Amino acid sequence: MKNHYHKVTNIAVASVGTAVGLVLGVTEVVKAATFTFAPAITFQVIDLDRGDSRFDGRGDIVSSSIFDFVTKGTVGEAAVVAEFNLGNFSLDRNTTINRAVFQTRLHSVNVGGIGFDFGANYVNPGSLGIFGYVGNGAADASDFEAGVFLSSVDVSSFPPLSSVNTYISFDVTPFVKQRVSNGDSFAGFGIRALNRGAASLSDTTSPRLIIETEVAEPVPEPTTILGSITALGVAGLLKRKKFKPAK
């Protein structure tokens, strides 16, 4: 009877050792962090057709330090641009970018310009798009056409009020991941109206780039834990086998 008791106990010890090894082997600690960047530079680019009286023969017009009106009018287009310095932002081997968002305030969709009378013939552009490019920390007219389309935000439901004052967010995750991976110093973003119309993003509040990261802190390799704990179970089994109760 005693021998039978010891055999059952031996099997239980070995099985528990294996089970614990499997549970601990897949444990991983994940920590999240959020980084918020202010733009290194903001500016507005105005692309006018030759029929407009302000066209001076040089093409695009750049207005520094302005991040406000985006317009797709009858005689041209105005876009706003922001560049962020990511030169000192680097990731450890176990850190990944989970999400990246370009956020700006929408002040109003009751604006005009570039062929529209301000407020008189209000046209909601329906949606605003964001375009990304590799920046250089300077205001360049060529940045107007440099970007690739990243995502858009629907603004068609906003009423024609002079003070909407709500934040809108553009998903720019893949683009930011690529910039950080490449080690690019500046990430540039241009906001444009995708349809005829105009919107004010309010130059009193700067846009921001929000990057959310995850850090996975690995535990010892699963094979090491499994092997160690299972070995303890086997060792206990062998030790008990050597025990022979007195007859």
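Rule-based calculations on the coordinates, nothing more; no lab input. Computed from a prediction, not measured in an experiment: that's the story for all the values here. Methodologically, a virtual Cβ is constructed for each residue, glycine included, from the backbone with ideal geometry; neighbour enumeration extends over all protein chains shown.
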Quiz prompt | Exposure proxy ranking, count of Cβ atoms within 10 Å, fewest first, for 217, 77, 212 | solution = 217, 212, 77
Exercise. Scan segment 91-184 for trypsin sites (Lys or Arg not before Pro) in coil per DSSP, keeping those whose Cβ has at most 15 other Cβ atoms within 10 Å, and list them by number.
Key: 93
Quiz prompt | Where labels lie 7 Å past Cα in the beta-carbon direction, separation of residue 91 and residue 103 in nm | solution = 2.0
Quiz item: Okay, which of segment 77-115 sit inside 17 Å, backbone N to the point 7 Å along the Cα-Cβ direction of residue 65?
Solution: 81-83
